[in-house]
Amino acid sequence: MDFSFDSEQEGLRNHLRELLDEVCPPEYAEACDNEGRPPREAYDALARQGWFGLILPSEYGGAGATPVELAIMLEEIGRHFEELGMWVFRTLTYGGYAVMKHGSREQKETLLPRVARGELSFCFGLTEPHAGSDAASIATRAERDGDHFVVNGQKVFTSGMDISDYCLLVTRTTTSGKKQQGITCFLVDTQLPGIEVRKIETLGQRAIKTTQVFYSDVRVPASMVLGTVDQGWDAVDAYLWYERLCLSAARTGAASAAFDYALEYAKNREQFGRPIGKFQAISHKLADMKVMLDVSRVLVYRYAWLLSQGQATRHDAAVLKLYTGEAYKNVSDMGLQILGGYGYCMEYPMQRFFRDSRLATIGAGTSEIQKNIIARGLGL
Ligand SMILES: Cc1cc2nc3c(=O)[nH]c(=O)nc-3n(C[C@H](O)[C@H](O)[C@H](O)COP(=O)(O)OP(=O)(O)OC[C@H]3O[C@@H](n4cnc5c(N)ncnc54)[C@H](O)[C@@H]3O)c2cc1C
């Protein structure tokens, strides 16, 4: 068993770190969060250096890398700015992985080279007002009409819809049978007539934002069905498994940035004539944070390896999502406590980690749902 990265993987990380140090320093992340603007300049800089092609096959202009390299990339992006990681991963998962896995030849040929060049941006529309954790209960309808489908319904929490070219939209095409049946995925052009987008104000993740989306008689060409009509649920499951790796890697990177900041602060801030890090109450917090980070990283790269071997299970995906999400939340919370009153001030970055990390135990499947999955796997 070898837990080390090879020299190419180390080179990849260093190369990306140099780029991000330049185009995505902490002040940039802070400004995007404060001003509610997407990190477009950093996204475009990644595109120019070919990072969006990382996981795509060479025939589409990609580098054909494995999930381990993908995890390295997202961990490093997350360490600089988690929201940039969220934006990048949505495009790589829903525009790259999903199209590679289930796209028609035409979809692959038209979309993948553009994804590889970083010209396109994708988002994911699954959640609805009445279908959150119970995601298979979605009601947004898509009905066949000649060579189109007509979509009607409402989605909520479609993050980045307003800045995406396509939304991987999950719809219901048949109402009879089990709720997991009769589901169909589409690649929907976000500019189609009949789509209305409203931004939602949230506690964190303020640079990219999440949205409510209303679909009224939206005519989507049948050629934009992704995969097989009525059999989309298993595909959604596969995308979510992939998403779990990306999310967890980016969040682990962000958690390590929060940890680094708190550690430095604890070494420099003096009270009662010594650095606060010398108080056991503070040093033990930092020790706990470090252990959580180490475990998170092991889980991220173990899962990446399992995915690359085709051996990842539902249980592995749930353990990863649950642990890394809770770890990010706890590390940011402890970090804020270590900074005392300054942790609570908007001029210091810890509040952003604290706000952003709060989503980690909610979005893309809550911690409670991950525990349900793990428990079911135990026969409970
Ligand atoms: C900022 C943000 C961004 C998001 N981005 C996207 C996106 O891009 N695309 C998308 O499709 N969705 C997105 N989501 C939606 C997200 O995945 C859902 O919010 C999440 O799955 C939970 O659904 P819900 O909010 O409806 O909560 P509910 O399902 O109503 O859950 C409420 C509470 O009940 C608990 N609960 C529910 N069922 C059970 C159960 N069986 N056992 C135990 N506890 C249970 C939950 O754990 C939770 O604590 C986003 C959400 C947010 C807040």
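Key figures for this structure:
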read-out: Residue identified as polar (S, T, N, Q), open to solvent by 40 Å² or more (accessible area, probe 1.4 Å) and within 16 Å of the ligand (Cβ to nearest atom) among GLN181, GLN154, GLN191; value: GLN154
read-out: Filtered residue count, segment 359-376, keeping only those that are over 13 Å from VAL319 (Cα atoms) and buried (at least 19 other Cβ atoms within 10 Å of the Cβ); value: 3
read-out: Residue check, GLU27 part of a helix (DSSP H, G or I) and over 18 Å from ILE72 (Cβ atoms); value: yes
read-out: Filter result (in contact (Cβ under 8 Å) with a residue 40 or more places away in the chain and either open to solvent by 60 Å² or more (accessible area, probe 1.4 Å) or not in a helix (DSSP H, G or I) (or both)) within segment 41-63; value: ARG48, GLY50, ILE55, LEU56, PRO57, GLY61, GLY62
read-out: Pair list, Cβ under 9 Å, 6 or more apart: segment 224-247 residue of a type in the set (Lys, Arg), other residue open to solvent by 30 Å² or more (accessible area, probe 1.4 Å); value: ARG244/ALA364
read-out: Residue under evaluation TYR261, criteria (1) open to solvent by 10 Å² or more (accessible area, probe 1.4 Å); (2) within 16 Å of the ligand (Cβ to nearest atom), criterion not met; value: (2)
read-out: So SER357, is it assigned to a helix (DSSP H, G or I), closer than 14 Å to ALA257 by Cα and within 16 Å of the ligand (Cβ to nearest atom); value: yes
read-out: Test: residue in segment 325-344 that is under 21 Å from the mean Cα position of the chain (by Cα), farther than 24 Å from GLU270 by Cβ and polar (S, T, N, Q); value: yes
read-out: Failed item in (1) hydroxyl-bearing (Ser, Thr, Tyr); (2) more than 26 Å from ALA29 (Cβ to Cβ); (3) in contact (Cβ under 8 Å) with a residue 12 or more places away in the chain, with THR158 passing the rest; value: (2)
read-out: Residue within segment 334-345 that is assigned to a helix (DSSP H, G or I), open to solvent by 70 Å² or more (accessible area, probe 1.4 Å) and within 16 Å of the ligand (Cβ to nearest atom) present; value: no
read-out: From the options SER223, SER216, residue that is under 28 Å from TYR43 (Cβ atoms) and either of a type outside the set (A, V, I, L, M) or modelled with pLDDT under 95 (or both); value: SER223
read-out: Residue, most open to solvent (accessible area, probe 1.4 Å), within segment 67-95, restricted to residues that are over 13 Å from the mean Cα position of the chain (by Cα) and among the β-branched types (Val, Ile, Thr); value: VAL68
read-out: So GLN205, is it buried (at least 17 other Cβ atoms within 10 Å of the Cβ), of a type in the set (S, T, N, Q), modelled with pLDDT of 95 or more and assigned to a loop (DSSP other than H, G, I, E, B); value: yes
read-out: Residues located in segment 353-380, provided they are more than 17 Å from the chain's Cα centre (by Cα) and charged (D, E, K, R); value: GLU368, LYS371, ARG376
read-out: Residue within segment 314-333 that is among the small types (Gly, Ala, Ser) and surrounded by fewer than 21 Cβ atoms within 10 Å (Cβ to Cβ) present; value: no
read-out: Search result, residues across segment 96-133 that are within 16 Å of the ligand (Cβ to nearest atom), open to solvent by 50 Å² or more (accessible area, probe 1.4 Å) and without any contact (Cβ under 8 Å) to a residue 12 or more places away in the chain; value: HIS130
read-out: Some residue of segment 209-227 being part of a loop (DSSP other than H, G, I, E, B) and open to solvent by 50 Å² or more (accessible area, probe 1.4 Å); value: no
read-out: All positions within segment 299-313 that are in a helix (DSSP H, G or I), open to solvent by 30 Å² or more (accessible area, probe 1.4 Å) and either free of Cβ contacts under 8 Å to residues at least 40 places away in the same chain or on the phi > 0 side of the Ramachandran plot (or both); value: ARG302
read-out: Any pair with Cβ under 8 angstrom, 6 or more apart, that starts in segment 366-380 at a residue that is part of a helix (DSSP H, G or I) and modelled with pLDDT of 95 or more and ends at one that is of a type in the set (Gly, Ala, Ser) and within 8 Å of the ligand (Cβ to nearest atom); value: GLU368/SER133; ILE369/SER133
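The values are calculated or read from the model by the stated rules, or taken from the named source; none is laboratory data. All figures in this text were calculated on a predicted structure; none of them were measured in a lab. Quick reminder, even Gly has a Cβ in these numbers, built from the backbone with ideal geometry, and neighbours come from all protein chains shown. Surface accessibility is based on the protein's heavy atoms, side chains included, excluding ligands, DNA and RNA. Shrake-Rupley method; radii C 1.70, N 1.55, O 1.52, S 1.80 Å.
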